[in-house]
Amino acid sequence: MRREVIAQHLEHSILFKDCSVAEIANFAQMARVQVVPEGEYVYRIGDPSEIFYVIAVGETELILSSDDGGSKIVGRISPGGHFGETGILTNKPRSLSTRALCDLVVICFDKRYFRAAFLLNSRVHRQLDSALAERLRVAFLDQVDSSGNGYSKEDLTEADDVILFKNKNLSAIQLRRLARQRKEDVRESKAAKKTQAAIDEFSALTTPFLLTGESGTGKSIIARQIHMQSNRASGQFKKIDLREYESVAIERKLLGLEQSGFPFARARQAGFLEQASGGTIVLSHIDLMDHTLQEELVKIIKSSSYTHVDSDRRLAMQARIVFVSNHSLDHLQSTGKIIPELLSELGDQHFHVPPLRSHKEDIPRLVAHYLNRYSREYDKKIYKVSQETLGIFLNYDWPGNLTELSSVVRRAVMLATKDEINPDHILLGLPKTEGKWEYNILRIPWVRKFLTSTVFPMVPQVIIGCVLFIAVLFLIFGPTNPTSNIGLTLGWYIGWPLMFFSFFFLARTWCSVCSLAVPGTILQNIIKPTRNTPEFIKNKSGWIMAVLCILVFWVEIVWDAYNNNYLTGAIIVIITLGSILFSVLYSRRAWCRYLCPLGAVNAIFAMPSVVELRSNSHVCQNRCQSHACYKGDSENPGCPMFRHPYLVDNNRDCIMCAKCVKSCDNSSVQLNLRLAPQELWALETPRRADSFLIVAMGAIFFPFALQTKFSQLVSWIAITARQEGILIPEWLVGSILFFAVILIFQAGYYFMVMVQAWHARMDKRLLLSLFGYGFIPLILGGYMALHLEFFVRGAGRVVPNIQELFGKPFSYDNIRLISEDSTFVLQFLTILGGGLAALYATYRVIERALAGDSVTSKALVIPFSFIISLGFLFVFMV
């Protein structure tokens, strides 16, 4: 290459942009030219630092590598860029390798001339200083981002999980890890063998593929194992979670920007595809990717090349792309979250990772693996699991899959003091996520003192128990005139409304002070039963409680319990007998947790409450060793609801008894005032039975609000039928109407969910379980408004009831507590507040169902129309 041509190339370098033509001509006189074929190294890490390079033609990449074979591409350098100065300045060997991406022509200067000419030239030195400052910034960021071999701590932890599937072609890292594993052979399930077959198939190919499956099933582990078994094992394995990036930013992050002449400025601009060159890039939650970028990926896959977002220069695509989603392929197709062109490019390169519940025979092997891992991590020697514990593992459905199993075993290892895991160490469930807009009222001294004293809940229980005992006596032995019976007044016009008010202000506190369970608790303390609640009851408790709750309202409305003292007394006695029976047969409060119909109403309507009891999961994990809040201690029994505060993510499963507050020595338990009830849309395991009960309660509102008119309608139908010669009792007519209303609402709910799923392209199964939770605030607001009228109209009867009882002059006139107009204003505000809260909760439910897609008016029109219409009907009814 002639000196004039060398000078022209130097003029295009940012390093010499401030130099004169004469200076550049002098530099060209001392330069020599070197040609490096494509794929060859200009130098490797550890080589002597003798030459400084400026690129004239071609492109090179900078590679950080380690002794165990890991490597990381930190950038590319285009014509005009320079490299090699750091080793000369520090008198140390090369700290990275440089490889030609195509036939490369570089202009070379030896280190003596570099020091004599470039370092003494202030204009060149200034540009070198800028480049070196940028290199220092990037080197620091790279050190924060990952280790020198390109793998983060999370990556290495995940690499440890490759033993979950047998591997025929393990890397050195895996072999070292497997050498430390237990050598026992455990039976594999068909699902595990099918998974290994998919791993073997995909690792032999180079084309993109798709992994689907529920959250926590090990999709990333499988993707890593495929990478390690493939011929790309020496390249980088890079995971990109699309939830962490805005749709506008991800394209720039993925494709990168055209680079400047500074090599390490270029390293930060290198896109994910460049950084994973020669390796594998995993795009997690592909369903969140914008369709425009999906179309760009289709072009990249077809052409095996791409361009930076700000350039037309094409680069070779040297990374294998793996797509991962928590949704099924059918859902991705039906909702259009992945464009047909991309699905077509993937072809049959798809594997659905089965949930853990479908291959429970693998659980012993998985438990052994996690025991080994966490025993090493916590420096313990725990390798055994009792048969009873293993039975608990096998009976559980693991909604969190491998992630949840790993978490449960980890907590068990932390708790264990011997060499075996036993049932006391097992806390099933996923920890709640930390919420926002909360204030822990246990910080107020008198609140904590009250809840940790013997006063609560004993004193409230005694007071309510005495009132209830008096009410039952008068229901059975008192006057048959409903207006005169103080038992009916205490039950339906004071107790029942106050219970509905407490749902919003005190969550399930009513259950903790409920005296209906006191007789059973006393007998339980004497008998001390040890039986566990049957699995059938546990698994079907949502449906059982929903049915029993509906039956209670059926008795109240159809049989007019509000004016029947014997029937009201019978309801109280039957619920008390149920509590006694299950308290004698099973440990803790099995009736309250799994069967009580009043508890069902309380559980559902406590979810939008302004208070919640939760724990600080970090304290539970890192400081607690006894877990007395769940298991109990010598002074306080364990949680009566069989729930560890660490795992409570909703008010449905907590009766606010404060036993955990008394037992916790680490002040982990919190009693929070909250602004937004996140559980309505963020519940980890939404239940179809809950939505069924919520919709049923919405339907029951109407015959409940129209008690007099409902009874008149029933009588008119029965009389008309008798006139036509059809003898039909009024209770049967009332029952048919009552259940018909519920059936119509359930059918309407199902139809609305189906239309919403089709209209907005959502998962109908998720919507069926989750949609109902968004309606709870409005339905609770409706019932609170109705019971406000009950309380205002009827609570004042207690005074003339007592006067009549003692033979004093009495009058039932003018006993309203406030005027009808004032009552209606309060009712309207209650329903309005519930409606607004329901709109927001439903918006968040839709947001969750859309799985990251933006919420549009199209997705909201159906549920919002239903909520607004139902709200107007509620206002009209009250």
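Structure values in brief
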quantity: Top-ranked residue of segment 533-560 - restricted to ones that are among the charged types (D, E, K, R) and over 31 Å from the mean Cα position of the chain (by Cα), ranked as least open to solvent (accessible area, probe 1.4 Å); calculated: Glu556
quantity: Extreme residue, farthest from Pro208 (Cα to Cα), among residues of segment 304-324 that are under 38 Å from the mean Cα position of the chain (by Cα) and among the small types (Gly, Ala, Ser); calculated: Ser305
quantity: Segment 572-587 residues that are closer than 16 Å to Leu468 by Cα, paired with ones that are at pLDDT below 95 and among the polar types (S, T, N, Q) (beta carbon under 9 Å, 6 or more apart); calculated: Thr576/Ser515; Ser579/Thr521
quantity: Residue within segment 508-515 that is surrounded by fewer than 21 Cβ atoms within 10 Å (Cβ to Cβ) and free of Cβ contacts under 8 Å to residues at least 60 places away in the same chain present; calculated: yes
quantity: Candidate set from segment 625-683 (those that are buried (at least 20 other Cβ atoms within 10 Å of the Cβ) and aromatic (Phe, Trp, Tyr)); member that is nearest to Arg614 (Cα to Cα); calculated: Tyr646
quantity: Residues within segment 369-417 that are over 20 Å from the mean Cα position of the chain (by Cα) and either part of a helix (DSSP H, G or I) or free of Cβ contacts under 8 Å to residues at least 12 places away in the same chain (or both), tallied; calculated: 24
quantity: Of all residues making up segment 806-859, the number that are part of a helix (DSSP H, G or I) and either over 22 Å from the mean Cα position of the chain (by Cα) or among the aromatic types (Phe, Trp, Tyr) (or both); calculated: 21
quantity: Long-range neighbours under 6 Å by Cβ, at least six apart or interchain, first residue within 11 Å of His359 (Cα to Cα) and touching a residue at least 12 places away in the same chain (Cβ under 8 Å) within segment 192-203, second among the charged types (D, E, K, R) and open to solvent by less than 10 Å² (accessible area, probe 1.4 Å); calculated: Ala192/Asp362
quantity: Every pair of residues 6+ apart whose Cβ atoms lie under 8 Å, when the first sits in segment 751-770 and is touching a residue at least 40 places away in the same chain (Cβ under 8 Å) and outside any helix (DSSP H, G or I) while the second is open to solvent by less than 50 Å² (accessible area, probe 1.4 Å) and of a type in the set (D, E, K, R); calculated: Arg761/Lys337
quantity: Pairs, first closer than 18 Å to Ile776 by Cβ in segment 856-875, second part of a helix (DSSP H, G or I) and small (Gly, Ala, Ser), C-beta under 6 Å, six or more apart; calculated: Ile867/Ala838; Gly871/Gly835; Phe874/Gly782
quantity: Residue list for segment 803-818, restricted to those being open to solvent by less than 100 Å² (accessible area, probe 1.4 Å), without any contact (Cβ under 8 Å) to a residue 40 or more places away in the chain and in contact with a helix residue (DSSP H, G or I) (Cβ under 7 Å, 6 or more places away or on another chain); calculated: Phe810, Ser811, Ile815, Arg816, Leu817, Ile818
quantity: Matching option when the condition is closer than 29 Å to Ala233 by Cβ, modelled with pLDDT of 90 or more and in contact with a Lys or Arg (Cβ under 6 Å, 6 or more places away or on another chain), among Val298, Val324; calculated: Val324
quantity: Any hit, segment 102-110, residues being modelled with pLDDT of 80 or more and in a helix (DSSP H, G or I); calculated: no
quantity: Residue pairs meeting the criteria (Cβ under 8 Å; at least 6 apart or on separate chains; first on the phi > 0 side of the Ramachandran plot and in contact (Cβ under 8 Å) with a residue 60 or more places away in the chain, in segment 74-87; second of a type in the set (Val, Ile, Thr) and crowded, with 22+ Cβ neighbours inside 10 Å); calculated: Gly80/Val54; Gly80/Ile55
quantity: Matching option when the condition is over 23 Å from Ala590 (Cα atoms) and not acidic (Asp, Glu), among Leu693, Leu673; calculated: Leu673
quantity: Subset of segment 86-120 that is closer than 29 Å to Ala319 by Cβ and among the charged types (D, E, K, R) - its residue that is least open to solvent (accessible area, probe 1.4 Å); calculated: Arg94
quantity: Tally, over segment 187-240, of residues that are assigned to a helix (DSSP H, G or I) and over 23 Å from the mean Cα position of the chain (by Cα); calculated: 20
quantity: Filter result (of a type in the set (Phe, Trp, Tyr) and within 18 Å of Arg797 (Cβ to Cβ)) within segment 462-481; calculated: Phe474
quantity: Segment 222-258, subset touching a strand residue (DSSP E or B) at 6+ places or on another chain (Cβ under 7 Å) and within 20 Å of Leu288 (Cα to Cα), residue most open to solvent (accessible area, probe 1.4 Å); calculated: Lys239
quantity: Residue match in segment 541-552 (condition: under 20 Å from Ala471 (Cβ atoms), assigned to a helix (DSSP H, G or I) and touching a Pro at 6+ places or on another chain (Cβ under 9 Å)); calculated: yes
quantity: Candidate set from segment 339-354 (those that are modelled with pLDDT of 90 or more and assigned to a loop (DSSP other than H, G, I, E, B)); member that is nearest to Ser247 (Cα to Cα); calculated: Ile339
quantity: Residue satisfying all of: in segment 15-69; over 51 Å from the mean Cα position of the chain (by Cα) and of a type in the set (Asp, Glu); farthest from Val106 (Cα to Cα) among these; calculated: Asp18
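Per-residue answers, yes or no, for (1) open to solvent by less than 50 Å² (accessible area, probe 1.4 Å); (2) assigned to a helix (DSSP H, G or I); (3) in contact with a Cys (Cβ under 6 Å, 6 or more places away or on another chain):
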site	(1), (2), (3)
Glu4	no, yes, no
Gln8	no, yes, no
Pro48	no, no, no
Ile55	yes, no, no
Ile63	yes, no, no
Gly75	yes, no, no
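Residue-wise test of (1) modelled with pLDDT of 90 or more; (2) farther than 30 Å from Asn326 by Cα; (3) touching a Cys at 6+ places or on another chain (Cβ under 6 Å); (4) surrounded by 20 or more Cβ atoms within 10 Å (Cβ to Cβ).
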{"site": "Phe702", "(1), (2), (3), (4)": "yes, yes, no, no"}
{"site": "Ser715", "(1), (2), (3), (4)": "yes, yes, no, no"}
{"site": "Ile719", "(1), (2), (3), (4)": "yes, yes, no, no"}
{"site": "Leu737", "(1), (2), (3), (4)": "yes, yes, no, no"}
{"site": "Gln746", "(1), (2), (3), (4)": "yes, no, no, no"}
{"site": "Leu770", "(1), (2), (3), (4)": "yes, no, no, yes"}
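Residues checked against (1) open to solvent by 40 Å² or more (accessible area, probe 1.4 Å); (2) more than 24 Å from Asp690 (Cα to Cα); (3) basic (Lys, Arg):
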| position | (1), (2), (3) |
| --- | --- |
| Tyr562 | no, yes, no |
| Leu567 | yes, yes, no |
| Leu585 | yes, yes, no |
| Arg588 | yes, no, yes |
| Tyr594 | no, no, no |
| Leu598 | no, no, no |
| Asn602 | no, no, no |
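Yes/no per residue for (1) in a helix (DSSP H, G or I); (2) over 20 Å from Glu438 (Cα atoms):
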| position | (1), (2) |
| --- | --- |
| Pro608 | no, no |
| Ser626 | no, yes |
| Phe642 | no, yes |
| Arg652 | yes, no |
| Val661 | yes, no |
| Trp681 | yes, no |
| Pro686 | no, yes |
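The values are calculated or read from the model by the stated rules, or taken from the named source; none is laboratory data. As the structure is a computational prediction, the values presented were derived from the model and not from experiment. In this analysis, Cβ positions are derived from the backbone assuming ideal geometry, glycine residues included, and neighbour counts consider all displayed protein chains. For accessibility, only protein heavy atoms count, side chains too; no ligands or nucleic acids. Shrake-Rupley method; radii C 1.70, N 1.55, O 1.52, S 1.80 Å.
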